[in-house]
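> Dropping a structure here in structure tokens format, bear with me for questions.
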Amino acid sequence: MMQLRPVHMKIAVVGGTGHCGRGFILHWSREHDIIIGSRKAEKAEKYSEEIMGYLGDHGVKAEVAGMDNESAIASSDLVVLAVPYRFVESVTKDLEESYSDQIVISLIVPMSRVEDHFEYTPPPQGSAAVLVKDLLPSTVKNVSAFHTISYTVFQDLDRTLSGDVVICGDDMASKEVVADLVRDIKNLRTLDGGPLKMAAQVEGLTPLLLNISRLNNIKDAGISVIEG
Ligand SMILES: NC(=O)c1ccc[n+]([C@@H]2O[C@H](COP(=O)([O-])OP(=O)(O)OC[C@H]3O[C@@H](n4cnc5c(N)ncnc54)[C@H](OP(=O)(O)O)[C@@H]3O)[C@@H](O)[C@H]2O)c1
């Protein structure tokens with residue numbers, strides 16, 4: 001049976017004080033309870049004040065909480081992992097006890113700068129998404145998404161976002177929950193990208209987009225799939 005999404009979800013944004021994390025807070029706080037996760041609770045609390053001020057200036061009245069990562073994860077139904085690849089273990093395996101049966105979205109991209117361009121440098125597991133799955137308890141539902149939108153636009157409510165969000169995962173009900181959350185964001189389309197092992201293909205699009213942006217002077221590049 002299809003799992004119905006709760007109307008209000010409790011969403012922990014781990015790395016919520018960073019570039020990408022901010023976008024999730026801004027776009028989902030209208031409809032959901034957002035908890036900003038940080039290594040330091042005081043940093044998250046201070047950031048939540050700032051972000052509520054920004055939301056208020058944009059006509060959005062929302063309560064956003066700030067907590068340490070452990071408490072944020074333990075209090076949530078869904079976790080967004082928005083930290084750089086090199087910190088993946090510190091927000092999964094090291095905080096294992098905070099996880100129970102949440103849906104966990106990974107937008108993490110393992111990539112390196114090589115001379116003048118970026119290359120996708122996945123771990124032996126094949127992708128960050130599969131590594132995250134291996135590091136978390138088996139009760140968690142892993143989904144990979146949000147690799148191909150422009151985060152410059154995502155974190156600015158004065159700009160118009162567009163593009164496709166490709167979702168990969170092995171649990172259809174969790175993918176549908178994430179697809180609904182994408183639909184909550186104006187102008188974004190959601191596409192099913194297949195099982196979690198296909199996340200490698202999508203993660204690899206991020207360095208491609210960064211290289212395309214630089215080499216072709218295209219600002220804030222994203223991906224939209226066209227119908228032929
Ligand atoms: N930028 C893009 O266009 C883009 C596109 C697709 C995917 N992504 C992926 O999105 C993820 C987040 O990128 P970002 O640019 O938002 O990252 P970021 O701003 O550099 O960092 C996000 C947060 O990570 C936390 N952090 C720093 N050191 C840490 C540590 N040792 N352990 C745990 N957390 C630590 C910090 O939060 P606290 O100090 O509060 O703990 C920081 O605010 C990356 O994996 C990236 O590959 C980015």
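Just so you know, all these numbers are worked out from the coordinates, no wet-lab data involved. Computed from a prediction, not measured in an experiment: that's the story for all the values here. Because the Cβ atoms are built from the backbone with ideal geometry, glycine has one as well, and the counts that use them run over all protein chains shown.
> Considering the options Ile167, Gln155, Leu205, tell which one lies farthest towards the positive end of the dipole of region 10-216, charges being +1 on Lys and Arg and -1 on Asp and Glu at the Cβ, about the Cα centre.
About the Cα centre, the residue reaching furthest to the positive side is Leu205.
> Sticking with this structure for a sec: For each of Arg30, Arg86, count neighbouring Cβ atoms within 10 Å of the residue's Cβ, then give the residues from fewest to most.
Result, fewest neighbours first: Arg86, Arg30.
> Can you tally the net charge around Ser127? Count Lys and Arg as +1, Asp and Glu as -1, for every other residue whose Cβ sits under 10 Å from the Cβ of Ser127.
So the surrounding residues net to +1.
> Report the one residue of Leu215, Leu188, Phe146 whose Cα lies farthest in the direction of the positive end of the charge dipole of the chain (charges on C-beta: Lys and Arg +1, Asp and Glu -1; origin at the Cα centre).
Final value for the positive-end residue is Leu215.
> What pairs in Lys93/Lys186; Lys186/Lys219; Lys46/Lys93; Lys133/Lys186; Lys46/Lys186; Lys61/Lys197 have C-alpha atoms more than 32 Å from each other?
Over 32 Å Cα-Cα: Lys93/Lys186; Lys61/Lys197.
> About the Cα centre of region 148-228, how large is the charge dipole given +1 on each Lys and Arg Cβ and -1 on each Asp and Glu Cβ? Please answer in debye to the nearest 20.
Value, rounded to 20: 300 debye.
> Here's something else I'd like to know. Could you work out the local net charge near Thr190, counting Lys and Arg as +1, Asp and Glu as -1, over the other residues with Cβ closer than 12 Å to its Cβ?
Around Thr190, the charge tally is -2.
> Taking only complete DSSP H runs, can you tell me which helices of the chain stretch 30 Å or more along their own long axis by Cα positions and average at least 0.5 on the Kyte-Doolittle scale?
Helices passing the filter in the chain: none found.
> Taking all pairs of distinct Cα atoms, average 1/r, flip it, and tell me the Kirkwood hydrodynamic radius of region 10-216 in Å to one decimal place.
Taking every pair of different Cα atoms in region 10-216, averaging 1/r and inverting gives 17.0 Å.
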